[in-house]
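In what follows, a single structure is set out as structure tokens and then discussed.
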Amino acid sequence: MTIAVGTYGNESWRQLAETRAIPSAQAFGVPVVHVHADSLHSARNGALAQVATEWVVHLDADDELEPGYLDAMAAGTADLRAPAVRYVHGRRVGAPGLPRVAGHLHICHAGCLPHGNWLVVGTAVRTGLVRAVGGWWDEPLYEDWSLWLRCWAAGATVEAIPRAVYRAHVRRGSRNRAPSMVEKNRVHHQIVKAVLG
């Protein structure tokens, strides 16, 4: 398995990756690649191009993988293996839990993906599958959901791996949190139309 870190834009993102995401990844003793580019999809696709293993886990610059992550992922059986997430809001650290599609009260499953995202960037995925569905697309939001939805539409199996914990540091004003609900809904419908017709 390879851990791929893609950063873009301001140099501070590269520096944050070097102090947070990359050390978290290197602790596992597996290949770690980092690409810094002008856009997020270029950075992630650039990192993906360097992956020579069957599996890849993408990691955002400001996030971390908790101990036991890769062992838990390796025990899974699906093409997409979704971790639990521990959200960190400044000094407040939450308990890990499986994300859900907005409005879903049940534990989400593969069939929930057309309705919204319950997988995070750190989902373990077969490298060949990511390449087969066109890699990371240039989306204004929800670029990870676009990828997971395309994988699912191509026949990928999906499972939750609650023992693997992705530590997500929440930032006010980030690209997925700052836009209005109108813009989020517009992008959501645009992705569904592009992927599912």
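The values are calculated or read from the model by the stated rules, or taken from the named source; none is laboratory data. Since the structure is predicted, the reported quantities are computational estimates derived from the model, not experimental observations. Note that each Cβ is placed from the backbone with ideal geometry, even for glycine, and that neighbours are counted across all protein chains shown. Ligands, DNA and RNA are excluded from the accessible area calculation, which covers all protein heavy atoms including side chains. Shrake-Rupley method; radii C 1.70, N 1.55, O 1.52, S 1.80 Å.
In region 86-197, counting only helices (runs of 4 or more DSSP H) that sit wholly within it, the ones holding 3 or more residues that are within 16 Å of the chain's Cα centre (by Cα), in contact (Cβ under 8 Å) with a residue 12 or more places away in the chain and closer than 27 Å to Ala72 by Cα span 127-132, 143-153. Within the span defined as region 22-34, one or more residues are within 16 Å of the chain's Cα centre (by Cα) and farther than 24 Å from Arg131 by Cα. Among the residues of region 84-100, those identified as open to solvent by 10 Å² or more (accessible area, probe 1.4 Å) and within 28 Å of Glu54 (Cα to Cα) are Arg86, Pro96, Gly97, Leu98, Pro99, Arg100.
Pairing residues of region 1-13 that are farther than 23 Å from Trp55 by Cβ with residues that are not in a loop (DSSP other than H, G, I, E, B), at Cβ distances under 6 Å and at least 6 apart in sequence or on separate chains, gives Tyr8/Ala37; Tyr8/Leu40; Tyr8/Ala43; Trp13/Thr7. Please work out which residue is farthest from Arg126 (Cα to Cα), limiting yourself to region 58-67 and to residues that are touching a strand residue (DSSP E or B) at 6+ places or on another chain (Cβ under 6 Å) and either at pLDDT 95 or above or of a type outside the set (Gly, Ala, Ser) (or both). Per the stated criteria, the residue is Asp62. Among residues belonging to region 68-103 that are among the hydroxyl-bearing types (Ser, Thr, Tyr) and in contact with a strand residue (DSSP E or B) (Cβ under 6 Å, 6 or more places away or on another chain), point out the one that is nearest to Ala154 (Cα to Cα). Applying the filter and picking the extreme gives Tyr69. For region 30-40, indicate whether the set of residues that are loosely packed, with under 15 Cβ neighbours inside 10 Å, part of a loop (DSSP other than H, G, I, E, B) and among the hydrophobic types (A, V, I, L, M, F, W, C) is non-empty. Checked against the condition, which is being loosely packed, with under 15 Cβ neighbours inside 10 Å, part of a loop (DSSP other than H, G, I, E, B) and among the hydrophobic types (A, V, I, L, M, F, W, C), region 30-40 yields at least one hit.
No other residue among Asp71, Asp79 is open to solvent by 50 Å² or more (accessible area, probe 1.4 Å) and either within 25 Å of Leu196 (Cβ to Cβ) or at pLDDT 95 or above (or both) apart from Asp71.
Okay, residues lined up against (1) modelled with pLDDT of 95 or more; (2) touching a Leu at 6+ places or on another chain (Cβ under 7 Å); (3) among the hydrophobic types (A, V, I, L, M, F, W, C); (4) loosely packed, with under 14 Cβ neighbours inside 10 Å:
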position	(1), (2), (3), (4)
Ala124	yes, no, yes, no
Cys151	yes, yes, yes, no
Ser174	no, no, no, yes
His188	no, no, no, no
Ile191	no, yes, yes, no
